[in-house]
Amino acid sequence: MAKNKKTLTTAFGIPIPDDQNSLTAGKRGPVLMQDVHLLEKLGHFDRERIPERVVHAKGTGAGGYFEVTADVTKYTKAKFLSEIGKKTEVFARFSTVGGEKGSADAARDPRGFAVKFYTEEGNYDFVGNNTPVFFIRDPLKFSDFIHTQKRHPATNCKDPDMFWDFLSLTPESVHQVTVLFSDRGTPASYRHMNGYSSHTYKWYNEKGESFWVQYHFKTNQGIKNLTLEESIRISGKNPDHATEDLYKAIAHEDFPSWTLEMQIMTEEEGLNYHWDIFDITKVWPHAEVPPIKVGKLVLNRNPVNYFAEVEQAAFCPGNLVPGIAASQDKMLQARLFSYHDTHIHRLGPNYHLLPVNAPKNAPETSYQRDGFMRTGNNGGGGPNYWPNSFGGPEPDPAASEPAFKVSEVAARTPYPHPNDDFQQAGDLYRKVMTDEDRNHLIGNIKDHLKGARKRIQLRQATVFFKADPEYGSRVAEELGLDKKEVERLAGMSQEERAKATA
Ligand code: NDP
């Protein structure tokens, strides 16, 4: 055997003499049960696949660091943000949302933008998207919404009727739909898009003062998008184009980076703001709450092994370090549960012990024990309960979030001001988009909505009309719909419109 070559072993380290010929009774078989190497190899192969994520299944990732560039200690006591120049190791994962693990990177879809910060106070997970808003604002609608973006229960194909039926009956979605059907819905690569928290979070400082914040990771590579034609062509030619792009850029030391900008409001300002800051279908206009530069995210390390680091990476918006807390955004509240829950399903109850998920700079000292795939010494012989008088780890009251007020009565109530659902989508169409952006938006919508039945097209065109009459009229015209009918439906209440287009 050549020098430095390793001996092939079983998973248990036992040397294997031959990995080409199964152990058989005679040259032509049958195979013997006592070929434990063959049995072990097949048995492991049979179990190689783990459940793919129900959303964000197709993704890629990279390691790097986050560096603080401004003093934000008056807003947050998070230690990793405590000093200009401080660097924290990170692992980021980017993804599409609706498609399966093998689907095309160029598909029209929001993109996930998740960053795990390995801080000295435990792992802080930022779990955002490349869009500043979302389709719905109540988590009870989430699984229904996702079903409509996936495959039809009978045909097992994507279904424009399902897709647009739900969205047209859920007008709060029109802002995100407008972003999604702009060319930002098909970013040229993961390097050329922004990442937004979308939700409002809370920061609090050493004095216990709280602030509402929104995160914006702005790409330093510049925004670059694909047109409809480009996204269709690339999807066919190389479904992994964005995965490959990120890997190659980092391999060539062309390290992508993002500038973190924060929008920040005092507790009082946020609660009295004219938009509901807990409604994820809304942004905070920049002119009113100017973003401030806070830090820089740099990705400079490719994963050594995709499955180990990217497939097993598990982000949870509930992983918040002292100085950062959740807001009462209903969607966020549900995500605090759902991410952890899905990782337990996909990876098992000890997924936090996997190297990519383990808190590298603040070792776990909890009383959680046992469970499938518990690695390490499982707490050794130390106490496994609290309180104890045997020197076990103790809670630290300094890690408390400042007490906050909750009010009103418990009930299933919608967010107030449903008519606001159209204004920001309309502003995006009217004020932010260029003529070219608007032309692409209308073309992208036509290409997809044309697959839905007429009554659904009509209902959706009406939703666009309510955002901006020109927007809705152009969609109607492209689809050959009766514009007068769209205008008539736009004058109806949501319930009347749903009935009229049933
Ligand atoms: P501004 O003119 O101050 O900001 C508009 C922002 O829109 C830009 O900064 C850019 O965000 C983003 N944008 C530019 N082109 C497009 C596009 N084709 N598709 C989607 N987003 C685009 O206006 P306001 O802050 O008053 O917001 C107006 C509208 O802009 C909002 O209703 C919202 O739809 C959209 N927007 C607002 C954001 C915010 O946080 N205020 C963030 C993103 C979009 P960026 O700088 O992040 O690239």
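Since every read-out is calculated from the coordinates, none of them should be taken as a lab result. None of these values were measured; they are calculated from a predicted model. For neighbour counting, all protein chains shown are included, and Cβ atoms are generated from backbone atoms with ideal geometry for every residue, glycine included.
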Exercise for the section: Express in nm, to one decimal, how much length is gained between Thr375 and His252 on full extension, taking 0.36 nm for each residue of separation and deducting their alpha carbon distance. Expected result: 40.7 nm
Practice task
Please give the helix 241-251 orientation as an angle from the longest Cα principal axis of the chain, in degrees from 0 to 90, rounded to the nearest 10.
Solution key: 60
Fill in the blank from the handout: Asn388 and Tyr367 label points (each 7 Å along its Cα→Cβ direction) are spaced in nm at 0.9
Practice task
For helix 469-478, report the angle its Cα long axis makes with the longest principal axis of the Cα atoms of the chain; keep it between 0 and 90° and round to the nearest 10°.
Solution key: 70
Handout entry: Gln34 versus Gln20: modelled label distance in nm, points set 7 Å from Cα along the beta carbon direction
Key = 2.4
Practice task
Calculate, in nm to one decimal, what Asp144 and Lys360 gain on full extension: separation in residues at 0.36 nm each, minus their alpha carbon distance.
Solution key: 74.0 nm
Exercise for the section: Please give every one of the lysines within straight-line cross-link reach of Lys27, meaning a C-alpha to C-alpha distance under 18 Å, and leave out same-chain neighbours fewer than 8 residues apart. Expected result: none
Problem - Label-point gap, in nm, between Lys431 and Ser82 - each point 7 angstrom along Cα→Cβ - result: 4.1
Handout entry: Equivalent ellipsoid, the chain (semi-axes from 5 times Cα gyration tensor eigenvalues, Å)
Key = 42, 32, 22
Problem - Set Lys101/Lys330; Lys293/Lys360; Lys248/Lys296; Lys79/Lys330; Lys58/Lys446; Lys77/Lys141 screened for pairs whose C-alpha atoms are more than 24 Å apart - result: Lys101/Lys330; Lys293/Lys360; Lys79/Lys330; Lys58/Lys446; Lys77/Lys141
Completion exercise
CD proxy, 222 nm, the chain: helix-only mean residue ellipticity via -39,500 (n - 2.57) per DSSP H run with n ≥ 4, per residue, nearest 500, stands at -8000 deg cm²/dmol
Completion exercise
Descending packing, highest mean Cβ count within 10 Å first, for 295-301, 136-142 is 295-301, 136-142
Practice task
For segment 170-218 and segment 241-267, write down the distance between their C-alpha centroids in whole Å.
Solution key: 15
Handout entry: Radius of gyration, Dmax [segment 66-177; alpha carbons; angstrom]
Key = 18.7, 56
Practice task
Rank-order 68-80, 397-409, 161-173 by packing density, defined as the average count of other C-beta atoms within 10 Å over each peptide's residues, highest first.
Solution key: 161-173, 68-80, 397-409
